[in-house]
Amino acid sequence: MSISLIAKSIGESATLKLNEIAAILREKGDPVIHLGGGEPKSRSPIDALVAASGLLNSGEIRYTPADGIPALKKAIIRYTEEFYGRVPEPENVMASGGAKQAIMVALQAVLNPQEEVIFPAPYWVSYPEMAKLCGAIPVPVLPEDGTFYPRLQDIEQKVGSYTKADIINSPNNPSGAMYSEQFIADIVDFCERRDLYLIVDDIYHRLIFDGRRPINCYNYAKDKSENSRLIVVNGVSKQYAMTGFRIGWAVANKKLIEVMTNIQGHQTSGPSALLQRAAVGALNGVQSSVESLRVTLENNRNIMIERLNAFDGVRVTKPDGTFYCFADFSVYGKDSTKLANSLVDKVQVVTVPGVEFGMEGYLRLSYCGSIKDIIDGIERMKWALDLNSPNELYIGDRKLVRDWT
Ligand SMILES: Cc1ncc(COP(=O)(O)O)c(C=O)c1O
């Protein structure tokens with residue numbers, strides 16, 4: 001079959017594939033524990049459901065402006081004022097089919113083939129593929145000091161004449177690391193000085209722990225004009241537990257938003273009218289579900305860290321936010337894909353191999369599920385990997401006996 005060179009360069013989304021594997025195993029009746037997921041298990045806010053139902057019941061669900069309905073733009077403007085102290089105009093805002101599409105369209109709007117997009121590793125699985133979809137070159141930057149906290153000097157070293165954009169995601173998927181205020185200030189300043197686009201992927205910005213406050217990148221932007229190359233991306237998926245609604249947005253200079261809207265208009269005509277209504281409901285409705293989710297996640301994080309710390313040889317950095325922990329399992333195998341596959345085979349625990357995020361030897365474990373899944377999942381992993389653990393394990397009434405050494 002003849003397919004394009006770009007298509008040939010694109011891999012399957014590892015995280016979506018794992019969701020599929022977990023679903024297939026569950027359907028077969030296997031007692032699978034999914035620690036690879038990327039979505040909260042809580043219900044979507046009632047205000048979102050009521051808003052969407054209202055439109056659905058009207059029976060009039062039509063095309064919308066490609067950049068989003070005015071009510072959603074208004075809600076995004078209000079959100080931006082509340083969390084960023086800035087009041088963009090409607091022309092500075094574009095709603096999208098998830099933060100994913102907002103980032104993709106932003107990259108399509110700014111990248112020429114062979115230009116480079118830089119981002120710190122570990123990174124979200126989609127950034128490299130999105131760059132490749134534009135015919136551009138992804139340039140991950142591994143932290144030289146071995147931490148999950150990038151340093152400007154490491155990024156500076158990778159910036160060259162082909163570099164066009166930088167993507168920052170904090171708190172970070174997969175590490176949970178929330179970059180320091182100083183780093184955010186430095187990167188905003190650096191991108192301004194070097195005329196680079198800076199995409200700030202803030203999708204987890206309110207899901208942070210230990211009394212931390214969201215960091216506002218605009219505080220460090222000197223250029224507040226319509227020439228600014230700062231693109232702030234956010235959405236309802238994670239904070240409102242609305243992953244299936246597929247609504248995100250970008251806030252940027254008017255010209256760029258116009259160009260992005262043109263692209264999006266030809267791709268999808270904009271996000272679904274129904275789901276935009278739901279997002280308006282969530283953004284304007286009662287906000288208690290976000291804090292309640294945040295508290296649950298912080299508690300789950302504590303339980304996961306406690307369990308992992310009792311796991312011989314596994315090195316863990318306590319996540320500052322998100323619902324992921326990126327743990328170093330290299331003592332049990334340098335090849336994270338092999339390791340993750342063997343955990344599925346032996347104990348039906350789904351994790352995501354670190355290599356998908358640019359770092360081998362690690363596994364990403366999610367703590368957005370139930371506490372029971374966290375505890376049982378890690379116990380099963382320990383049984384499968386740590387030969388000092390008891391030789392037998394019960395999964396429900398099924399007895400497993402370790403027959404490998
Ligand atoms: C870092 C990061 N950015 C963006 C997204 C996409 O979010 P959405 O569901 O709004 O497309 C995700 C989802 O996993 C993510 O982890």
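Considering only DSSP beta bridges whose two residues both sit in the chain, what percent are antiparallel, to the nearest 5? Walk me through the numbers on the way to the answer.
Numbers: 21 of 40 bridges.
DSSP beta bridges in the chain are roughly 50 percent antiparallel.
Helix 336-347 axis versus longest C-alpha principal axis of the chain: approximately 50°, rounded to the nearest ten. Label positions at LEU387 and LYS28, each projected 7 Å from the Cα along the C-beta direction, are separated by 2.7 nm.
Hey, with R₀ at 45 Å, roughly what FRET efficiency would ASP145 and LYS224 work out to, going by the Cβ-Cβ distance, to 0.05?
Numbers: r = 33 Å, r/R0 = 0.74.
Rounded to the nearest 0.05, the efficiency is 0.85.
For region 321-405, the solvent-accessible area of protein heavy atoms averages 42 Å² per residue (probe radius 1.4 Å; ligands and nucleic acids excluded).
Decide, for region 198-272, between rounded, prolate and oblate: order the square roots of the alpha carbon gyration tensor eigenvalues as a ≥ b ≥ c, take rounded if a/c falls under 1.5, and otherwise choose prolate if a/b is larger than b/c, else oblate. Spell out each step's value before the answer.
Numbers: a/c = 4.13, a/b = 1.13, b/c = 3.66.
Note, shape of region 198-272 comes out oblate.
Annotation for PHE190 and ILE10: the two label points, set 7 Å from Cα along the Cα-Cβ direction, are 3.0 nm apart. Surface composition of the chain: carbon plus sulfur atoms hold 52% of the accessible area, using a 1.4 angstrom probe and ignoring ligands, DNA and RNA.
The simple spin-label model puts a point 7 Å past each Cα toward its Cβ; for LYS41 and SER2 those points are separated by 5.0 nm. Angle of helix 14-27 to the longest C-alpha principal axis of the chain, folded into 0 to 90 degrees and rounded to 10: 50°. Which of rounded, prolate, oblate describes region 166-295, given a ≥ b ≥ c as roots of the alpha-carbon gyration tensor eigenvalues and a/c under 1.5 marking rounded, otherwise prolate only if a/b is larger than b/c? Oblate, because a/c is 1.5 or more while a/b does not exceed b/c. Sequence gap at least 6, Cα distance under 8 Å: using those rules, report the relative contact order of region 289-405 to the nearest whole percent. Rounded, it is 22 percent for region 289-405.
Please give the per residue accessible area of region 1-76, computed with a probe of 1.4 Å over protein heavy atoms only, in Å².
On the way: 4780 Å² over 76 residues.
Averaged over the residues of region 1-76, the accessible area is 63 Å².
For a Förster distance of 45 Å, can you work out the FRET efficiency between the beta-carbons of THR243 and VAL401, rounded to the nearest 0.05? Spell out each step's value before the answer.
Numbers: r = 38 Å, r/R0 = 0.85.
Computed FRET efficiency for THR243 and VAL401: 0.75.
Put simply, the amide H of VAL141, placed in the peptide plane, has neighbours under 5 Å in PHE119, ALA121, leaving out anything fewer than 5 places away on its chain.
For the pair LEU152 and GLN182 in one chain, pulling the backbone fully straight at 0.36 nm per residue adds 9.8 nm over the alpha carbon distance. Rolling a 1.4 Å probe across the protein heavy atoms gives region 162-221 an accessible surface of 32 Å² per residue.
Which of the pairs LYS17/LYS41; LYS17/LYS255; LYS100/LYS224; LYS41/LYS73; LYS73/LYS158; LYS100/LYS346 have their Cα atoms more than 29 Å apart in this structure? Mind dumping the intermediate values first?
Numbers: LYS17/LYS41 19 Å; LYS17/LYS255 37 Å; LYS100/LYS224 25 Å; LYS41/LYS73 27 Å; LYS73/LYS158 36 Å; LYS100/LYS346 33 Å.
Those over the limit are LYS17/LYS255; LYS73/LYS158; LYS100/LYS346.
Relative to the longest principal axis of the Cα atoms of the chain, helix 70-84 runs at roughly 70 degrees.
Structural descriptor for the chain: relative contact order 23 percent, calculated from alpha carbon pairs under 8 angstrom and at least 6 residues apart.
Using only the Cα atoms of region 308-385, build the gyration tensor, take square roots of its eigenvalues as a ≥ b ≥ c, and label the shape rounded, prolate or oblate: rounded if a/c is under 1.5, else prolate if a/b is larger than b/c, else oblate. Rounded, since a/c falls under 1.5.
What's the longest piece of the chain with no exposed trypsin sites (Lys or Arg not before Pro), counting a site as exposed if DSSP puts it in a loop and it has at most 14 other beta carbons within 10 Å?
Working: sites that count: LYS28, LYS41, ARG43, ARG62, ARG194, ARG212, LYS222, LYS224, LYS334, ARG402.
The reported range is 63-193.
Using a Gaussian network model of the chain in which every pair of alpha carbons under 10 angstrom is joined by a spring, one finds that among ASP47, ASP345, ASP154 the greatest mean-square fluctuation is at ASP345.
The values are calculated or read from the model by the stated rules, or taken from the named source; none is laboratory data. Since the model is a prediction, treat every value here as computed from it, not as a measurement. Note: ideal-geometry Cβ built from the backbone for every residue, glycine included; neighbour counts use all protein chains shown. Please note that ligands, DNA and RNA were not included when accessible areas were found on the heavy atoms of the full protein model with its side chains. Shrake-Rupley method; radii C 1.70, N 1.55, O 1.52, S 1.80 Å.
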